[in-house]
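Written out below as structure tokens is the structure these notes cover.
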Amino acid sequence: ASTEPKFGIGDTIETINIHPFGHTRLPRYARGKSGQILKVLGHHVFPDSNARREGENPQWLYQVRFSAQELWGDQANPQDGVTLDLWEPYFE
């Protein structure tokens, strides 16, 4: 992982749309979606590689907010949202 995070508080990110065989912490409903960085949580073990026994591979972890409408469409309440802790490799 890089020594400095690529993203900062307030940045807009887009998640990758992956369909891995095995473990990932990127929920299907949040793949290929745009969110906003709320916090940079530090450098942590990347669970995807660790679950495959490929090592800890520490990566930057972020708290990201997604609007409910971004995730579930216009029928969702525009005031609602979901916050996820996501690793940098999940971002475009």
For the chain, would you read off the P(r) tail past 24 Å as a percentage of all alpha carbon pairs?
-> 20 percent
Given charges at Cβ of Lys, Arg, Asp, Glu: region 1-47 dipole, positive-most of Thr3, Thr15, His43 = Thr15
Short version: ³J(HN,Hα) in whole Hz for each residue of region 60-71, in order, from phi by Karplus 6.51 cos²θ - 1.76 cosθ + 1.60 (θ = phi - 60°), x for Gly and Pro, what are they?
-> 5, 10, 10, 8, 10, 9, 10, 6, 4, 5, 4, 7
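Starting with the highest mean, order 75-87, 58-70, 28-40, 12-24 by the number of other Cβ atoms within 10 Å, averaged over the residues of each peptide.
On the way: 75-87: 14.2, 58-70: 19.1, 28-40: 15.7, 12-24: 11.9.
Descending packing order for the listed peptides: 58-70, 28-40, 75-87, 12-24.
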How large is ³J(HN,Hα), in whole Hz, for each residue of region 27-44 in order, when computed from phi with the Karplus curve 6.51 cos²θ - 1.76 cosθ + 1.60 and θ = phi - 60°, using x for Gly and Pro?
-> x, 4, 5, 9, 7, x, 10, 9, x, 10, 6, 9, 8, 9, 9, x, 9, 9
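For the chain, calculate the relative contact order in percent as a whole number, restricting contacts to Cα pairs under 8 Å that are 6 or more residues apart.
Details: 173 pairs, mean separation 26.6, N = 92.
Computed over the chain, the figure is 29 percent.
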Simple spin-label model, 7 Å along Cα-to-Cβ: Glu14 to Lys39 in nm?
-> 2.8 nm
Long-range amide H partners of Leu41, meaning residues 5 or more apart or on another chain whose placed amide H is closer than 5 Å, are Leu61, Tyr62, Gln63
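Where a number appears in this text, it was derived from the coordinates with a stated rule and is not lab data. Here the structure is a predicted model, which is why all the values come from computation and not from measurement. Every residue, glycine as well, gets a Cβ built from its backbone with ideal geometry; the counts of neighbours run over all protein chains shown.
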